[in-house]
Amino acid sequence: MSHHQLIQSKIHTLETLLPIVESLKKQNKSIVFTNGCFDILHKGHVDYLAKAADKGDCLIVGINTDFSVKRLGKSTSRPIQDEEARAYLIAALESVSYVVLFNEETPVNLISSILPHVLVKGADYKPEAIVGYKEVVENGGRVETIAFIDGYSTTAIENKIKNA
């Protein structure tokens with residue numbers, strides 16, 4: 001399998017991902033889930049995803065579709081990269097096992113379907129306030145946060161480019 005094919009093989013729809021999740025669970029693999037826009041891939045993203053992957057055997061990353069990003073109201077220029085490019089870049093990371101796009105404002109439907117063992121978000125969230133907290137905890141899973149690296153954010157990069 002070529003590197004390109006390997007990257008492409010990590011990108012799924014929820015429908016194609018669920019049988020994989022079921023198989024992983026039967027193998028007693030610990031599934032970690034996180035989500036985000038991941039608009040401009042930077043060191044903070046790579047660090048965050050590597051640390052998330054360390055919390056289990058398999059990291060699934062939910063990525064907001066372009067429509068979903070627009071609905072979040074980040075800025076009129078977002079997303080800067082389209083969903084296909086963002087999914088491909090995240091799938092190219094060694095720490096990421098699978099990528100799945102979601103069109104809703106929140107990934108609650110993904111989380112409810114996957115029911116990961118570990119749900120991860122940035123430390124700017126309180127665990128109890130994280131979307132999917134109830135679903136994961138009620139299913140015996142846990143919710144954890146990871147601190148961001150100061151100075152690395154898509155917004156900061158976007159502003160730096162605009163002011164250059």
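Things to note:
- The stretch 48-86, residues that are of a type in the set (V, I, T) and closer than 20 Å to T13 by Cβ: I60, V61, I63, T65, V69
- The stretch 3-31, subset of a type in the set (S, T, N, Q) and exposed (fewer than 11 other Cβ atoms within 10 Å of the Cβ), residue nearest to P79 (Cα to Cα): T13
- Here A50 meets the list (1) under 15 Å from the mean Cα position of the chain (by Cα); (2) touching a residue at least 60 places away in the same chain (Cβ under 8 Å); (3) surrounded by fewer than 21 Cβ atoms within 10 Å (Cβ to Cβ); (4) assigned to a helix (DSSP H, G or I) almost entirely, failing just condition (2).
- Selection within the stretch 124-164: residues that are of a type in the set (D, E, K, R) and assigned to a loop (DSSP other than H, G, I, E, B). The member of this set that is farthest from L41 (Cα to Cα) is K126.
- Pairs, first within 15 Å of L110 (Cβ to Cβ) in the stretch 1-27, second in a helix (DSSP H, G or I) and of a type in the set (D, E, K, R), C-beta under 9 Å, six or more apart: I11/E84
- Scope the stretch 87-107; condition part of a loop (DSSP other than H, G, I, E, B) and either over 11 Å from the mean Cα position of the chain (by Cα) or more than 14 Å from S9 (Cβ to Cβ) (or both); matching residues: A92, L93, E94, S95, N103, E104, E105, T106, P107
- For the stretch 67-82, filtered to residues that are surrounded by fewer than 19 Cβ atoms within 10 Å (Cβ to Cβ), free of Cβ contacts under 8 Å to residues at least 40 places away in the same chain and not hydroxyl-bearing (S, T, Y), the residue that is farthest from G151 (Cα to Cα) is F67.
- Qualifying residues in the stretch 125-144 (those that are more than 13 Å from G36 (Cα to Cα) and in contact (Cβ under 8 Å) with a residue 24 or more places away in the chain) - the one farthest from the chain's Cα centre (by Cα): N139
- Residue match in the stretch 73-81 (condition: modelled with pLDDT under 90, at negative phi and under 15 Å from the mean Cα position of the chain (by Cα)): no
- Near pairs, Cβ below 7 angstrom, 6+ apart or cross-chain, from the stretch 85-109 (within 18 Å of D66 (Cβ to Cβ)) to any residue that is among the acidic types (D, E): R86/D39; L101/E83
- Of note, T34 satisfies the criterion of being closer than 22 Å to Q8 by Cα, crowded, with 21+ Cβ neighbours inside 10 Å and polar (S, T, N, Q).
- All positions within the stretch 6-45 that are acidic (D, E) and either modelled with pLDDT of 95 or more or closer than 19 Å to G56 by Cβ (or both): E15, E22
- Residue check, V61 surrounded by 16 or more Cβ atoms within 10 Å (Cβ to Cβ), farther than 22 Å from E158 by Cα, modelled with pLDDT of 95 or more and touching a Lys or Arg at 6+ places or on another chain (Cβ under 6 Å): no
The values are calculated or read from the model by the stated rules, or taken from the named source; none is laboratory data. Remember, predicted model here, so these are calculated numbers, not experimental data. A quick note on method: Cβ atoms are made from the backbone with ideal geometry, for glycine too, and the neighbour counts reach across all protein chains shown.
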